[in-house]
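First the structure, in the form of structure tokens, and then the observations on it.
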Amino acid sequence: MQVSTEKTLKQEIIHIGKLMYDKGYNVSIDGNISCRLSNSEILITSTGARLGFLTNEDFSVIDLQANLLRGKKFTSEYDLHLNIYKVREDINAVIHAHAPNCIALSCLNIDILNNIYITVASIPITEFGLPSSRESFEKLKPFVKDYNWAILKRHGAVTFEKDLLGAFLRLEGMEHFAKILISAMNVQKQLEPLPIEVKEKLEKFWKTGSYI
Ligand SMILES: [Zn+2]
């Protein structure tokens, strides 16, 4: 990770929180954002923080065991963030948002991981887990190593990347993907997945950058 000061990272989170709010990916006191300050220190938004209107005071610094090192009381959804950092040492930023189209898609009976409907990507939808509990991460766990995004069933979106902008772009992409599928399903309830041979080609392309 590029060496950034805590102050710079706070500014970046404030900016991304506002973008998420302005774009309608998150509202009110929902959602939370974090990033690594070092291997063992995490900067995370505090409990009750309004992501669209963050100030320098709306942060906590915690360790991977969830001890508060400085700042305010941290978000109740900290466990999701910390466990992602523990499993993925390459990950430096995590965003969780109650993104409306992602949540709506997770309420529908559609398997977007094993079927491809549009040529964007594979996105897992987890089984339901209670928010702000270990269950939430346990349902996400099967996908954490192989994916950098997931929809938490009937709850929200979680994305993780090497940096904050990368995690935001994944959220933007996933919410856009969900919006397209929901728009299509408004017209035709049962969508036809792409044929299996096309699915296999696309999966190869996403993995290797080539169809051959
Ligand atoms: Zn949540």
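Whenever a residue of the stretch 31-60 is under 14 Å from Lys86 (Cα atoms) and modelled with pLDDT of 95 or more, its partners that are within 15 Å of the ligand (Cβ to nearest atom) and hydrophobic (A, V, I, L, M, F, W, C), lying with C-beta atoms within less than 6 angstrom and at least six residues away or across chains, give the pairs Ser34/Ile44; Ser34/Val94. Please tell me if Ile112 is out of contact with any Pro (no Cβ under 6 Å at 6 or more places or on another chain) and either within 29 Å of Asp63 (Cβ to Cβ) or within 16 Å of the ligand (Cβ to nearest atom) (or both). Against the criterion (out of contact with any Pro (no Cβ under 6 Å at 6 or more places or on another chain) and either within 29 Å of Asp63 (Cβ to Cβ) or within 16 Å of the ligand (Cβ to nearest atom) (or both)), Ile112 does not qualify.
The set of residues in the stretch 115-151 being in contact (Cβ under 8 Å) with a residue 60 or more places away in the chain and within 15 Å of the ligand (Cβ to nearest atom) consists of Leu140 alone.
Could you tell me whether Gly71 is of a type outside the set (A, V, I, L, M), surrounded by 14 or more Cβ atoms within 10 Å (Cβ to Cβ) and within 16 Å of the ligand (Cβ to nearest atom)? Criteria not met by Gly71. One residue stands out in the stretch 180-212 among those that are β-branched (Val, Ile, Thr) and assigned to a helix (DSSP H, G or I): the one that is surrounded by the fewest Cβ atoms within 10 Å (Cβ to Cβ), namely Val187.
Looking only at the stretch 61-97, filter to residues that are polar (S, T, N, Q) and either in contact with a Lys or Arg (Cβ under 6 Å, 6 or more places away or on another chain) or in contact (Cβ under 8 Å) with a residue 24 or more places away in the chain (or both); which one of those is nearest to Leu165 (Cα to Cα)? Looking at residues that are polar (S, T, N, Q) and either in contact with a Lys or Arg (Cβ under 6 Å, 6 or more places away or on another chain) or in contact (Cβ under 8 Å) with a residue 24 or more places away in the chain (or both), I get Asn92.
The values are calculated or read from the model by the stated rules, or taken from the named source; none is laboratory data. In this text, all values refer to a predicted model and were calculated from it rather than measured experimentally. All Cβ positions, glycine included, derive from the backbone under ideal geometry; neighbour counts span all protein chains shown.
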